[in-house]
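First up is the structure itself, then whatever we jot down about it.
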Amino acid sequence: MMPDLGKYADTVLSAYLVSIVLLVVLVAMSLRASRKARADLEQVETRRRG
Amino acid sequence: MTLTVSDLTISRGGIPVLEGLNFSLEPGGALVLRGPNGVGKTTLLRTVAGLQPAVAGTVECDPESIAYAAHSDGLKGMLTVSENLHFWADIFGTKGIDAALKGFDLEGLVDRPASALSAGQKRRLGLARLLVTGRPIWILDEPTVSLDVASVEMFADAVRAHLAAGGSALIATHIDLGLEAEVFDVGPYRAKPENSTDAFSGSFDEGFL
Amino acid sequence: MIALLVRDMKLAMRAGGGFGLGLAFFLIVTVLVPFGVGPESGLLSKIAPGILWLGALLACLLSLDRIFALDWEDGSLDLLATSPLPMEGVVTIKALAHWLTTGLPLCLAAPLFGLLLSLPDTGYVWLVLSLVIGTPALSVVGTFGAALTVGLKRGGLLLSLLVLPLYVPTLIFGAEVARRGALGMDAMTPLLMLGGITAGTIALLPFASALVLRVNLR
Amino acid sequence: MGSIWEYANPVKFVRTSEIVLPWVSVIAMVTLVVGLVWGFFFTPDDYRQGSTVKIIYLHVPAALMAINVWFMMLVTSLIWLIRRHHVSALAAKAAAPVGIIMTVIALVTGAIWGQPMWGTWWAWDPRLTSFLILFLFYLGYIALWEAIDNPDTAADLTAVLCIVGSVFAVLSRYAVNFWNQGLHQGASLSLDKEENVADVFSTPLYICMVGFGFLFIALVFLRTRTEIHKRRTKALLARERLG
């Protein structure tokens, strides 16, 4: 199934690896920040309403 | 040259501090602002002077008629007293600094660099700058800080002369200057946090509450 | 406006630091290069235009945060904002004062430093010409950066980060004029581009700087 | 539904993003996977570049996004300065990190791809260099947001920086072109962005571009909502101190 990448195999694979890792890190960081911000807000809101 | 403030709301760091302010300053009149420290007197003066946009309400006056004096006097230590005054005279396009020198008893210090002045003398030089601006409306923030009693009296005389000449003054201070001036206490105008509407104009924070 | 310029020049003169700082830095950079690159004059003369331009640019960058910092601390900026002078005027005068105290001395000293780097003879005229036309842009753009970071605590580092990318076009065309001049090639096109950029920044950037300064004065 | 400015107010934007975000994320995920898999597995090698041509499916979309994100930030900065809508300023702040990551991907894949062709990891090719400059602009923009604590001032200053930066970015783009031709005829891999690549390559390429586009939209919705939540928390805390 793996296409024959010939002598450039490591070049192509490293490019894909780096890019995908960067994208995954970006998405993960964004999600983490979103969850944290939502949690902080909930905490402040409940304190304000409570 | 009247200054009228109608229904003014001002904010500091994005949070409203004072709201619903209404007062006006007729030529020849003086208004003393009272209120606890940190209530927003400085912010109010800066907004009236045009250094800061108001959150709501209006300040009607000709911006060219305002002379603002804050805590820091804006003096250059390297320049002598006369050079400092001449500089501001040129900037404001007025002639002669003798009246200012006489008004604040600075004749003796003309050639002394500002850095060699005492705090009181520096303060007097900062206030003398007001005379040099030739602007009718004075907006002063705690002008009598670091002034001894005699200098405070000298300052009060200068203000009286300014008022007699048809000028007006808006002064934030705790010391009784002995001026015939109305007192305007800003305490009750503190921005009440409860009535936060979900309005989305106005300052940054307001948009998020 | 002239009063502001006269005052700033007087301050620079009296403070003494004004003129010397930029020049001393430029000299140090020029002297250090051969230590780093080797004394071999063939190589030096090839890179001399670029190094001299880079030294001038960094010398300009060095003295940027002092443009507004002093007036910010002693409250003069507030008073200037409420004075009849338009902020655009104040900003332009500040840029001019910076250029006169830093940019111009660099242009005058550059040929001298060119000797240190064995700059080819034909290069001197073009070097000075490119610097005279290019450094005003460095001062105007630098003033914009200084206005952006005037209130910030450790604004110096941020100032360099913000301003250096904005210096790229001026550096490229300026160094190109000097390089072609040194090789005796025709350097008119890059010179025109350099002049265009400088004219554009002088005409447009003060409005952005004034807006930013007013925001910072809030 | 109200005009577009209706969405500029924060609470309504948050509500809208709750609805839109799942959809956009799914679309982004699907198109990205399809595009990359198609490009990686089902396209032949290029007769000249061999299999390295497969890097195109990351390099070109990322480079395209790097520029479009800055353009989006320019538009939102203008909206903030003119219409004073808070969401617009926050959207610009939210987009910047996405933009800088796209620029890094474009740079890295560009360098890796160029390596076999030029024999060096980095060549001062005009395009790669202008992306490096764009990277510096992003860095400065993000640093300025972090350096200022009053959000209102920060929004204004970063908006002006974005506008001025855009003009100088364009200037640098042409200066770099001039500078590189001037110095040496680098064997730059003149793969133009809008080249008419053979169809067998272009279909997956367009899918990848769409995928990157939706990924950006999803991330901006998510990150803008995060910024709005942070702003609301900060405002409430400030009010507690004041009250």
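The values are calculated or read from the model by the stated rules, or taken from the named source; none is laboratory data. Treat the numbers as computed from the prediction; the structure is a model and nothing was measured. As a convention, Cβ positions derive from the backbone with ideal geometry for all residues, glycine included, and neighbour counts pool all protein chains shown. Heavy atoms of the whole protein, side chains included, go into the accessibility calculation; ligands, DNA and RNA do not. Shrake-Rupley method; radii C 1.70, N 1.55, O 1.52, S 1.80 Å.
Observations on the model:
- Subset of the range B:178-207 (residues that are in contact with a helix residue (DSSP H, G or I) (Cβ under 6 Å, 6 or more places away or on another chain), modelled with pLDDT of 50 or more and at the interface with chain D (Cβ under 9 Å from one of its Cβ atoms)): B:193, B:205, B:207
- Breaking point among (1) more than 7 Å from every other protein chain (Cβ to nearest Cβ); (2) closer than 26 Å to residue D:98 by Cβ, for residue A:45: (2)
- Here is the figure for the range A:1-22: residues that are open to solvent by less than 20 Å² (accessible area, probe 1.4 Å) and within 14 Å of residue D:101 (Cβ to Cβ) total 1.
- Of all residues in the range C:1-28, those satisfying the criterion of being of a type in the set (A, V, I, L, M), open to solvent by 40 Å² or more (accessible area, probe 1.4 Å), within 14 Å of another protein chain (Cβ to nearest Cβ) and assigned to a helix (DSSP H, G or I) are C:2, C:6, C:13, C:15.
- Residues that are out of contact with any helix residue (DSSP H, G or I) (no Cβ under 6 Å at 6 or more places or on another chain) and farther than 21 Å from residue D:214 by Cβ were ranked within the range D:66-88; the one that is surrounded by the most Cβ atoms within 10 Å (Cβ to Cβ) is D:84.
- Residue check, residue C:158 facing chain D (nearest Cβ under 9 Å) and outside any helix (DSSP H, G or I): no
- Residue C:124 meets all of the listed conditions (1) within 28 Å of residue C:35 (Cβ to Cβ); (2) out of contact with any His (no Cβ under 8 Å at 6 or more places or on another chain); (3) in a loop (DSSP other than H, G, I, E, B) but one, namely (3).
- Count of the range D:216-243 residues which are open to solvent by 20 Å² or more (accessible area, probe 1.4 Å) and without any contact (Cβ under 8 Å) to a residue 12 or more places away in the chain: 7
Table: residues versus (1) surrounded by fewer than 21 Cβ atoms within 10 Å (Cβ to Cβ); (2) at pLDDT 85 or above; (3) over 30 Å from residue D:165 (Cβ atoms).
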residue: D:23; (1), (2), (3): yes, yes, yes
residue: D:27; (1), (2), (3): yes, yes, yes
residue: D:32; (1), (2), (3): no, yes, no
residue: D:35; (1), (2), (3): no, yes, yes
residue: D:46; (1), (2), (3): yes, no, yes
residue: D:64; (1), (2), (3): yes, yes, no
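- Taking the criterion of being modelled with pLDDT of 85 or more and touching a Lys or Arg at 6+ places or on another chain (Cβ under 8 Å), the only residue of the range B:20-42 that qualifies is B:33.
- Within the range C:29-60, tally of residues that are surrounded by fewer than 22 Cβ atoms within 10 Å (Cβ to Cβ) and either in contact with a Ser or Thr (Cβ under 6 Å, 6 or more places away or on another chain) or touching a residue at least 24 places away in the same chain (Cβ under 8 Å) (or both): 11
- Hey, residue D:123 modelled with pLDDT under 90, part of a loop (DSSP other than H, G, I, E, B), more than 14 Å from chain B (Cβ to nearest Cβ) and open to solvent by 10 Å² or more (accessible area, probe 1.4 Å) or not: yes
- Number of positions in the range C:178-215 that are within 28 Å of residue C:83 (Cα to Cα) and either buried (at least 21 other Cβ atoms within 10 Å of the Cβ) or in contact with a helix residue (DSSP H, G or I) (Cβ under 7 Å, 6 or more places away or on another chain) (or both): 13
- Qualifying residue in the range C:128-139 (condition: over 30 Å from residue C:82 (Cβ atoms), free of Cβ contacts under 8 Å to residues at least 40 places away in the same chain, open to solvent by 10 Å² or more (accessible area, probe 1.4 Å) and within 12 Å of another protein chain (Cβ to nearest Cβ)): no
- Of all residues in the range D:143-159, those satisfying the criterion of being open to solvent by 10 Å² or more (accessible area, probe 1.4 Å) and farther than 16 Å from residue C:166 by Cβ are D:145, D:146, D:147, D:148, D:149, D:150, D:151, D:152, D:153.
- In the range A:1-22, the residues that are closer than 23 Å to residue D:221 by Cβ and at the interface with chain D (Cβ under 7 Å from one of its Cβ atoms): A:19, A:22
- Checklist (1) farther than 30 Å from residue D:117 by Cβ; (2) in contact with a Lys or Arg (Cβ under 9 Å, 6 or more places away or on another chain) applied to residue D:74, failing item: (2)
- Failed item in (1) within 13 Å of another protein chain (Cβ to nearest Cβ); (2) more than 30 Å from residue B:141 (Cβ to Cβ); (3) of a type outside the set (A, V, I, L, M); (4) open to solvent by less than 10 Å² (accessible area, probe 1.4 Å), with residue C:76 passing the rest: (2)
- In the range D:89-109, residue farthest from the chain's Cα centre (by Cα) [restricted to those that are farther than 19 Å from residue A:33 by Cα and open to solvent by 10 Å² or more (accessible area, probe 1.4 Å)]: D:108
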